[in-house]
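Have a look at the structure below before the remarks.
Rule-based calculations on the coordinates, nothing more; no lab input. Keep in mind the model is a prediction, meaning the values are calculated, not measured. Ideal geometry is used to build each Cβ from the backbone, glycine not excepted, and the neighbour counts take in all protein chains shown.
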Amino acid sequence: MASLTVSNVSKVFPNGMRVLDDISVDIRSGEFLTLLGPSGCGKTTLLKAIAGFHSISSGRILIDGADVTDLPPERRDTAMCFQSYALFPHMTVAENILFGPKQNGVPKDERSARLQNALRQVDLDAHATKLPAALSGGQQQRVALARAMAMRPGIILFDEPLSNLDAKLREQVRFEMRALQAEHGYTAVYVTHDQAEALAMSDRIVVMRAGRIEQIGAPADIYHNPKNRFVADFIGAANVMKAHVVERMANGHWLVSTDLGRFEVASDSEPAASSLYICWRPEDAEIVRQKTNPPTNDFSASVAAQAFLGNVTDIIVRSAPNDAEYRVQTRLPQTVGAPLTLHIDPDRFTFLEAVR
């Protein structure tokens, strides 16, 4: 395992497009860090810069404190798992796994030991002599992971490795990958645009947009304490509202005015401005039979639409006076058109950035 430091890295293509803009992040040895963001945000470019496949315009990349910025890929302590698996179709599973160590001049006895170890780790012992075409998508992905692990790198880089798998298999393989990483302790940098993958697999998440970092933090922290509207909306579903701070109350509570009415907001940090955005998650709203007395943090709405998802029902509610729509989750289906009273606890709100 190895640590990784990305320091003030920028990348400008020859046409003048800036795809990375002053990126800095420290990745601890043995950490599983995910680069998350929409298509075109620069996450794959950053991953390939770490691997040495892309040169950078400015900044430095260090592995275990050593500057590798100008080193070619083969001289960096990294291995890569690609989205397309990139297996050699004419080679068996064993030959694919041993290709890297053989190219690096690893002695035959050591190669054999690495092969047996890698096959055992990904549970492919019975498939060593098969060609990739004889394997399922999940098995091919595990071959790609075994090939990377056989290189014994300090850092494994993953470029959306599960995007070609169906939903159920993707969920299974991501748990397998995370369990292997936790067991063997290699440092992982993982690129995805799938928020569920990022939340399920990561020690920390780097949320990126337009070549810049929007927020870095643990999955729970980013989900419950997003920094701004982009992060709130990209990580899960979020209901974002404009709010005006009316007064500061006792015990870290603030009274704010919104289109839904007045709400108490509990926050350890002060709001960024007197006019700002606040958000709450669909699961934060509780359907109540009648308004509390006094009706603190309650609002009235009607059911506009709903979708049954099995364990929960997604509901779109519409609230006067501006007919705005909000998303709510509940355990039980409701009746479209029916009136509802909803309550949101003060500690379920999050202050976001100022309104500009």
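The figures follow:
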| item | result |
| --- | --- |
| The range 101-163: C-alpha gyration tensor shape, a/c 1.5 cut-off, then a/b vs b/c | oblate |
| Rounded to 10°, Cα long-axis angle of helix 167-184 versus longest principal axis of the chain | 60 degrees |
| Interchain or long-range residues, amide H under 5 Å from Q306's placed H | I316 |
| Inter-probe distance in nm under a simple model that places probes 7 Å from Cα toward Cβ, at F82 and V246 | 6.0 nm |
| Cα gyration tensor shape for the chain, rounded if a/c is under 1.5, else prolate or oblate | prolate |
| Set of lysines near K130 by C-alpha distance (under 20 Å), chain-local residues within fewer than 8 positions excluded | K102 |
| The range 92-103 - phi-based ³J(HN,Hα) in whole Hz, Karplus 6.51/-1.76/1.60, Gly and Pro as x | 6, 4, 4, 5, 5, 5, 8, 4, x, x, 5, 4 |
| Restricting the range 60-126 to GluC sites (Glu not before Pro) in coil, as DSSP defines it, with at most 12 other Cβ within 10 Å | none |
| Shape of the range 206-356, Cα gyration tensor, a/c cut at 1.5 | oblate |
| Value of [θ]222 nm, deg cm²/dmol, for the chain, DSSP H segments ≥ 4, -39500 (n - 2.57) each, nearest 500 | -7000 deg cm²/dmol |
| Percent of beta bridges antiparallel (DSSP, the range 4-229, rounded to nearest 5) | 50 percent |
| Magnitude of the charge dipole, the chain, Cβ model with Lys/Arg +1 and Asp/Glu -1, debye to 20 | 680 debye |
| Residue with peak Gaussian network fluctuation, the chain [Cα springs, cutoff 10 Å], from P226, P339, P161 | P339 |
| Using θ = phi - 60° and Karplus 6.51 cos²θ - 1.76 cosθ + 1.60, couplings along the range 274-283 (whole Hz; Gly, Pro as x) | 5, 10, 8, 9, 10, 9, 8, 8, x, 6 |
| Cα-based reach from K227 at 17 Å (exclusive), listing lysines while leaving out same-chain residues under 8 positions away | K242 |
